[in-house]
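Below is one structure; the comments refer to it alone.
Every read-out reported here was derived from the displayed coordinates using simple, explicitly stated rules and does not represent laboratory data. Bear in mind the structure is a predicted one, so any value in this text is a computation, not a measurement. Cβ coordinates were reconstructed from backbone atoms using ideal geometry, including for glycine residues, and neighbour counts include every protein chain displayed.
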Amino acid sequence: MDPADFLTEVDEELICGICTSVLLNPMSCKEGHTFCNTCITTWLGQKKTCPMDRKRLGKKDLCTVRVVANLISKMAVRCPNRTAGDTDGGGGPPAKKQKSGKGKAKAKAQGSALEGGCAWTGKLADRPEHLSEECDFTEVECTHAGCNVSVPRHALEAHEAECKCRPAVCLHCGKEMEQTALAYHTIECDYVEIACPRQCGEQILRGHSVEHAAVCSHVLVTCPFARHGCKKTLKRKDYADHQVEAAGAHAEQIEACTRRTQGLQMAKREEPPEPITASGGDVDLILSPSSSPSSSSASSSSSSSSSSSSSSDGAGQAEPVAAPPTGLPYGRIKVGQVRKYLVHKVVCITNW
């Protein structure tokens, strides 16, 4: 403990022979030499002799000097956070006794009034309480989680009001967060009102932009007659006017589209079907340009006569298939495909 902290000059008998400071928890040897408890314990950890007379000394030879400790605790001292320059060992007035809480509060007020340090004075025994509870110049840590800053107690309130780690609440959604995150949160908060990005003039919540787009008057839409040839793209607010102004053009586009569709249908009906060929699987039918009911019967009779003759000869050749009805495509087709073709012809005739 620094002797300059005391208001009166400290007697040499109260000075530690090792650290040369005022005794703190004094311990004495058999020879009457007194030291700080921490100082003599550290000394004996390295050497086994007394620092004063070099005689053999052990920890068991030490004892606590309570009288000296009580005497020192009653001495008047200054606050270690005193005003700069006020370090004169014996230049101050004697300490005033503070027997009540009002006296301590008054000393605190006087200490806070000085700039640059605390002017508190009192008993040494009362100084730890003053430093931990009252002194405005004691360094204290910010109470906000995540902030490791230490400031004098008198500046703590101002620091906490501006601390980057102080808790903050979003005024739009009510979510709690750190002050440092509030600015970034406001940029993304879904409950912040913003102007419509399409400049329709309405104020909407950021999180409701999709719902607003379904009714926004400035959203670009395509004309419902786009499939008939109208390539107009316009804002939703101009949709009704466009339907009135382009009614005649839409009618002409619909009529032209209808004529094109009918022309394609006529051309498809007049176009002869492509020859169909197939092999393997079902029975193959051979179609030729000369296929007709009469030729079919003739070919059938000739086929039967040739079949009888071939059977009498024992050649074992396959029997020819009868020619299909007139109107089927030329080539080799399966029986199933003939059925589909006939159904197709019936549908075409019905549509015609």
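Could you check the simple spin-label distance between Leu264 and Val149, using points 7 Å along Cα→Cβ, in nm with one decimal? The modelled label-to-label distance comes out at 7.5 nm.
Using the reciprocal of the averaged 1/r over all distinct C-alpha pairs, how large is the Kirkwood radius of the range 159-259 in Å? So the Kirkwood estimate lands at 17.4 Å. Once the Cβ-Cβ distance between Cys63 and Ala158 is put in as r, and R0 is 51 Å, what FRET efficiency do you end up with, to the nearest 0.05? E between Cys63 and Ala158, to the nearest 0.05, is 0.55.
Normalised by the number of residues in the range 145-202, the mean separation of alpha-carbon contacts (under 8 Å, six or more apart) gives a relative contact order of 22 percent. Distance between the modelled labels on Lys235 and Asp11, one decimal in nanometres: 9.7 nm (7 Å Cα→Cβ projection). In loop segments of the range 1-50 as defined by DSSP, the GluC sites (Glu not before Pro) with at most 15 further C-beta atoms inside 10 Å of their C-beta are Glu9, Glu31.
Modelled label positions at Asn70 and Gln203, each set 7 Å beyond Cα in the direction of Cβ, lie 7.6 nm from each other. The calculated FRET efficiency for the pair Glu141 and Val210, based on their C-beta separation and a Förster distance of 35 Å, comes to about 0.15.
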